[in-house]
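Each remark here refers to the structure printed beneath this line.
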Amino acid sequence: MTKSLLARHRAAMPSWQALYYDEPIEIVAGEGRHVTDADGNTYLDFFAGILTNAIGYDVAEISDAIRRQVDTGILHTSTLYLIRQQVELAERIGELSGMTNPKVFFTGSGTEANETALMLATQYRRSNQVLALRNSYHGRAFGTLGVTGNRGWSASSLSPVKVSYVHGGYRYRSPFRDLSDADYIAACVDDLREVIETTTAGDVACMIAEPIQGVGGFATPPDGLFGAFAEVLEEYGILLISDEVQTGWGRTGEHFWGIQAHGVVPAAMTFAKGLGNGLAIGGVVADAELMDCLTANSISTFGGNPISTAGAGAALSYLLDHDLQGNAAKLGTRLLDGLRAHAQRCALIGDVRGKGLMIGVELVEPGTRTPAAASATRVMELAKRHGLLVGKGGLHGNVLRLAPPMTLTEEEAAQALQILTDTMTLAEQELHR
């Protein structure tokens, strides 16, 4: 059955629509943090639909909220009409944003959210110049590809914006990697100022940045980096946009938004993924003056529709009521400590990084910093064989990405850690055979 579906997928879908595993799986059921494939195999899910199923599977409170909306017969109306759940969710997100006078616009995805943020910033500043980070990823649309600093995910050199890339997000392979946190930040700030002075006309619209680079392999800069950047940006009137598509909703554990680790409130934040727990929803929260700067009409046909906002509202309530941010902090620390301890014994591991339940393990050829992409693929296959699904990313495709639902239990964290350490040890041993 799976082989037949795979053949049909390859015939009907584009070749660049990637699939995980030598034998891709079809996930047909889920409960808690576990999913089951079409062949009846059950797995502990440590990637959560690319961080999207933040609460987990078959959560009654969320499913019931969706059913109640379905029972009304209204699945869609568009933003041309009032949507009560949309207004209520916008009010809650505004309160959580930390901004003085926030407004929210909903979209259908994180890509569309980042496109909207770029449109707002370039219109507000009357400039098409944008600063972005090397190794970044912000989506697969025309504008967001233009600000993606990762060649593996940048399908076109064409762009509606003029982009200059700065250092800072990816420390492990940075020329400043061996500096102290303070000196690393200072070096990146110097680079930022030089890039503004030498590669732009000065009137830059914005900088867009992920507090932790998701597709880039959960690359995690020192706390305070973006706060230091913000001081320079303010000198030039440049807006800071925080891409919270992967870092939002408490996943990093220590803060509700990833940018809060840097002591700065950005001009805008984009969000998506975990808010909907699988439903398609994204958006932008920004200061009212920035949000209201457009002079032409604009809508989002599907953004903030009754189904997605009903489900997202229930997911947000569940997340807050059950302190999933605190759970992410506690279990994330245990996973990070365990993986870092294993790195002392496993030469395949070059770096363990991240915060909360957003962890990257960069694999290298033993004794070097040469990316070991084949080993990352091998560990993924071995982990799947042992009942664990993990993600993969990084500039070189050599980083294991761990981001389970935030309802993860202590027993499940221990199980995943054991599988990961065992499979990485086995993958390293295979290199020497």
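Annotations for the structure displayed:
- Filter pass, residue 381 being modelled with pLDDT of 95 or more and under 20 Å from residue 253 (Cβ atoms): no
- One residue stands out in region 152-176 among those that are under 23 Å from the mean Cα position of the chain (by Cα) and among the basic types (Lys, Arg): the one that is surrounded by the fewest Cβ atoms within 10 Å (Cβ to Cβ), namely 173.
- Residue within region 345-353 that is more than 23 Å from residue 222 (Cβ to Cβ), at pLDDT 95 or above, out of contact with any strand residue (DSSP E or B) (no Cβ under 9 Å at 6 or more places or on another chain) and in a helix (DSSP H, G or I) present: no
- Screening 301, 333 for residues that are surrounded by fewer than 23 Cβ atoms within 10 Å (Cβ to Cβ) and more than 27 Å from residue 45 (Cα to Cα) leaves exactly one candidate, 301.
- Hits in region 354-377 - residues which are in a loop (DSSP other than H, G, I, E, B) and more than 26 Å from residue 248 (Cα to Cα): 365, 366, 367, 368, 369, 370, 372
- Residue list for region 366-378, filter: surrounded by fewer than 24 Cβ atoms within 10 Å (Cβ to Cβ) and free of Cβ contacts under 8 Å to residues at least 60 places away in the same chain: 367, 368, 370, 371, 373, 374, 375, 377, 378
- Taken together, the criteria exclude residue 65 from residues that are touching a strand residue (DSSP E or B) at 6+ places or on another chain (Cβ under 9 Å) and farther than 23 Å from residue 418 by Cβ.
- Among the criteria (1) under 22 Å from the mean Cα position of the chain (by Cα); (2) free of Cβ contacts under 8 Å to residues at least 40 places away in the same chain; (3) more than 27 Å from residue 4 (Cβ to Cβ), the one residue 63 does not fulfil is (1).
- Residue match in region 363-370 (condition: touching a Phe, Trp or Tyr at 6+ places or on another chain (Cβ under 8 Å), of a type outside the set (S, T, N, Q) and under 22 Å from residue 51 (Cβ atoms)): no
- Qualifying residue in region 225-244 (condition: of a type outside the set (S, T, N, Q), touching a Leu at 6+ places or on another chain (Cβ under 9 Å), in a loop (DSSP other than H, G, I, E, B) and within 30 Å of residue 307 (Cβ to Cβ)): no
- Among residues of region 104-119 that are touching a residue at least 12 places away in the same chain (Cβ under 8 Å), those with a Cβ under 8 angstrom from a residue that is among the basic types (Lys, Arg), sequence gap 6+ or separate chain, pair up as 110/273; 111/140.
- The requirement of being farther than 27 Å from residue 277 by Cβ and either touching a Ser or Thr at 6+ places or on another chain (Cβ under 9 Å) or of a type outside the set (Val, Ile, Thr) (or both) is not satisfied by residue 332.
- Counted residues, region 378-395 - those being assigned to a loop (DSSP other than H, G, I, E, B) and either over 19 Å from residue 171 (Cβ atoms) or more than 20 Å from the chain's Cα centre (by Cα) (or both): 3
- Selection status of residue 284, in contact (Cβ under 8 Å) with a residue 24 or more places away in the chain, within 22 Å of residue 124 (Cβ to Cβ) and outside any strand (DSSP E or B): no
- Selection status of residue 203, more than 20 Å from residue 267 (Cα to Cα) and over 18 Å from the mean Cα position of the chain (by Cα): no
- Residue in region 74-88 that is in a loop (DSSP other than H, G, I, E, B), aromatic (Phe, Trp, Tyr) and touching a Phe, Trp or Tyr at 6+ places or on another chain (Cβ under 8 Å) present: no
- Residues located in region 133-142, provided they are surrounded by fewer than 24 Cβ atoms within 10 Å (Cβ to Cβ) and either in a helix (DSSP H, G or I) or in contact (Cβ under 8 Å) with a residue 60 or more places away in the chain (or both): 142
- As a summary of the residue check, residue 192 satisfies the conditions (1) over 22 Å from residue 50 (Cα atoms); (2) surrounded by fewer than 18 Cβ atoms within 10 Å (Cβ to Cβ) except for the one numbered (2).
The values are calculated or read from the model by the stated rules, or taken from the named source; none is laboratory data. As the structure is a prediction and not an experimental result, all values here were calculated from the model. A quick note on method: Cβ atoms are made from the backbone with ideal geometry, for glycine too, and the neighbour counts reach across all protein chains shown.
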